[in-house]
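Data block below; observations after.
The values are calculated or read from the model by the stated rules, or taken from the named source; none is laboratory data. Keep in mind that this is a model prediction, so the values were computed, not measured. Note that each Cβ is placed from the backbone with ideal geometry, even for glycine, and that neighbours are counted across all protein chains shown.
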Amino acid sequence: MFRAVLSSQWRESRLAVVLLAGLALAFPLLSLRGASSASDPWSAWDLLRASTAWSVSYPIVALAAALALAAGAWLPDRRGRHVYALTLPVSRSRYLLLRFAAGLLLLLGIGAVLGVSASVAAARTTLPPLLHAYPLGLALRFCLAGVAAYTLLFSLIGLTPRAARLIVAAILILIILGVAADLLNLKWNPLVAMLDAVFGPYSPLTAFRARWMLIDV
Amino acid sequence: MNDAIEVRGLSYSVGDFALRDLNLTVPAGAVYGFLGPNGAGKTTTIRLLLAMLRRAGGTVRILGDEVPADIVRILGRVGYVPERPHLYPDLTVDEAIRFHAAFHPRFDRAASGQLRARFGLPAGALLAGLSKGEMGKLMILLALAQRPDLLVLDEPTDGLDPVVRREALSAVLEYVTETGASVLISSHLVHELERFCDWVGVLDQGAMVAELPMQEFKSGLKRLRVGAGTVAVSPPFSLLAREVAGVGGEVWTVRGWHQDMAAWFEAPGALKEVMDLDLEEAFVELLRSARNPNWRED
């Protein structure tokens with residue numbers, strides 16, 4: 001059953017998965033290309049600068065993968081107004097779990113590609129003293145952030161139109177309140193508080209705010 | 001033996017549309033034609049039966065099990081063909097069959113292979129590229145290959161050309177003959193069901209207008225040519241419609257007719273001819289009388 005769902009998820013998202021896995025493969029290798037050149041090896045400063053510059057790309061790939069896979073998990077059923085899924089002899093919770101797990105597996109696959117690529121790139125680089133490579137940490141961060149975003153997006157995209165409208169309305173109200181609080185110079189701004197909560201240290205999305213460095217001190 | 005489908009007091013409403021206190025019984029082994037004009041509520045009823053919608057009241061039992069409590073078990077025994085294609089368009093025919101088979105433990109791969117060959121469905125073709133007829137045949141294939149005890153077909157041949165329609169219905173008939181499965185088939189193409197069904201239920205504006213064996217439905221409905229001035233006071237049949245027909249005569253459409261009732265026409269020559277109605281005519285007259293219950297009064 002899971003294989004069937006995985007296969008349908010792959011069909012739906014394969015272009016995005018191949019593209020994003022390609023990026024996950026390329027970015028670490030590109031970020032350290034030429035770092036161990038025999039004639040002109042990079043200094044610690046060069047390595048840190050390159051690592052910092054490329055660090056922005058990994059959360060973007062994680063977010064894009066989460067979005068593509070969450071959408072891919074729902075789109076086939078959404079097109080058929082969920083009629084097919086509702087007539088399969090499987091409980092709704094189990095079907096949801098199967099769909100969620102299929103997308104998750106593909107997401108972790110992209111994370112694994114990043115881990116391998118980062119490990120190869122790090123292994124090929126001679127690091128100056130005090131610098132360390134974190135290929136597995138980077139891959140783990142990618143997976144954690146990706147899973148958190150995927151879970152959130154999977155839930156949001158799976159909402160009924162009515163629930164989605166309610167959430168959009170709530171966000172709009174929050175923005176209006178935030179702007180009003182700003183104009184009135186209030187100490188407490190609900191929009192800022194909400195963003196702090198979503199991306200704060202105790203939020204699963206906090207991984208997106210961290211430093212996505214392949215090479216660091 | 002339990003009825004294949006037993007619905008009592010089903011009610012549901014959305015916007016202006018409402019199903020009111022609907023009773024429906026599909027006897028085990030019957031081929032039940034669920035008739036009704038567009039918008040009568042056939043698809044809604046079917047979706048309520050299969051727990052795709054939440055009913056407001058009433059009870060539904062399918063194959064002896066309660067809906068929605070036992071819906072997973074029920075769906076394992078029900079082959080469903082919806083009104084509109086619902087399969088994933090990115091899959092190929094073969095992938096769609098494999099996907100369906102993965103969820104249905106009784107799925108018969110040999111039968112699906114035979115049906116695919118019989119319907120001429122290309123294994124590698126994407127569903128998005130299939131014609132309407134091919135998609136219709138694929139949905140019938142999937143429903144039959146899962147070896148269901150009950151087939152629920154919601155306008156399965158709507159929009160299909162006559163050749164495809166005949167192919168699809170033949171396959172269903174063969175399956176039913178072979179297995180004794182029950183069928184609920186909804187359609188507004190009345191003539192299509194005439195040779196196919198042994199029970200018929202007529203739904204109109206969310207209410208069940210009639211439910212009876214096909215033979216009774218057809219035989220009790222007649223068109224009588226009567227002389228002018230014939231008065232219909234307390235007839236032993238239901239007078240559904242009366243129309244002036246040419247000079248000095250009327251045509252009555254009646255329900256519950258028996259040959260013996262000719263004696264009711266006392267005046268000699270008052271009853272000139274008794275004509276059979278085909279299912280479509282009977283259906284139209286039934287709807288007409290249901291919508292205007294008082295107009296037939298003398």
- Message: Can you find, within region B:82-140, the residue that is farthest from the other protein chains (Cβ to nearest Cβ) among those that are among the polar types (S, T, N, Q) and in contact with a Leu (Cβ under 9 Å, 6 or more places away or on another chain)?
- Response: B:SER112
- Note on the structure: Of the residues in region A:1-29 that are of a type in the set (Ser, Thr, Tyr) and buried (at least 18 other Cβ atoms within 10 Å of the Cβ), the one that is farthest from the other protein chains (Cβ to nearest Cβ) is A:SER13
- Item | Enumeration of residues in region A:92-124 that are over 19 Å from A:GLY146 (Cα atoms) and either within 14 Å of chain B (Cβ to nearest Cβ) or buried (at least 21 other Cβ atoms within 10 Å of the Cβ) (or both) | A:ARG92, A:SER93, A:ARG94, A:TYR95, A:ALA121
- State yes or no: is B:PRO148 surrounded by fewer than 17 Cβ atoms within 10 Å (Cβ to Cβ) and either touching a Gly at 6+ places or on another chain (Cβ under 6 Å) or outside any helix (DSSP H, G or I) (or both)? no
- When both residues are 6+ apart or on different chains and their Cβ atoms are under 6 Å apart, which pairs have a first residue that lies in region A:143-167 and is closer than 22 Å to A:ASP77 by Cα, and a second that is crowded, with 18+ Cβ neighbours inside 10 Å and hydroxyl-bearing (Ser, Thr, Tyr)? none
- Task: Kindly indicate the residue of region A:30-46 that is assigned to a helix (DSSP H, G or I) and touching a residue at least 24 places away in the same chain (Cβ under 8 Å) and also nearest to the other protein chains (Cβ to nearest Cβ) among those meeting that condition.
- Result: A:LEU30
- Query: Counting only residues that are modelled with pLDDT of 85 or more, under 12 Å from the mean Cα position of the chain (by Cα) and β-branched (Val, Ile, Thr), which one in region B:171-230 is farthest from B:ALA145 (Cα to Cα)?
  - Reply: B:VAL202
- Task: Scan the helices (runs of 4 or more DSSP H) fully inside region A:131-201 and keep the ones with 1 or more residues being out of contact with any strand residue (DSSP E or B) (no Cβ under 6 Å at 6 or more places or on another chain), within 21 Å of A:HIS82 (Cβ to Cβ) and among the small types (Gly, Ala, Ser).
- Result: A:135-157, A:161-183
- Task: Return yes when A:PRO89 is within 12 Å of chain B (Cβ to nearest Cβ) and buried (at least 19 other Cβ atoms within 10 Å of the Cβ) and no when it is not.
- Result: no
- Message: Cβ-Cβ distance below 7 Å, separation of 6 or more or different chains: which pairs start in region B:112-131 with a residue that is under 13 Å from B:VAL164 (Cα atoms) and end on one that is not aliphatic (A, V, I, L, M)?
- Response: B:PHE119/B:LYS137; B:PHE119/B:GLU167; B:LEU121/B:GLU134; B:LEU121/B:LYS137
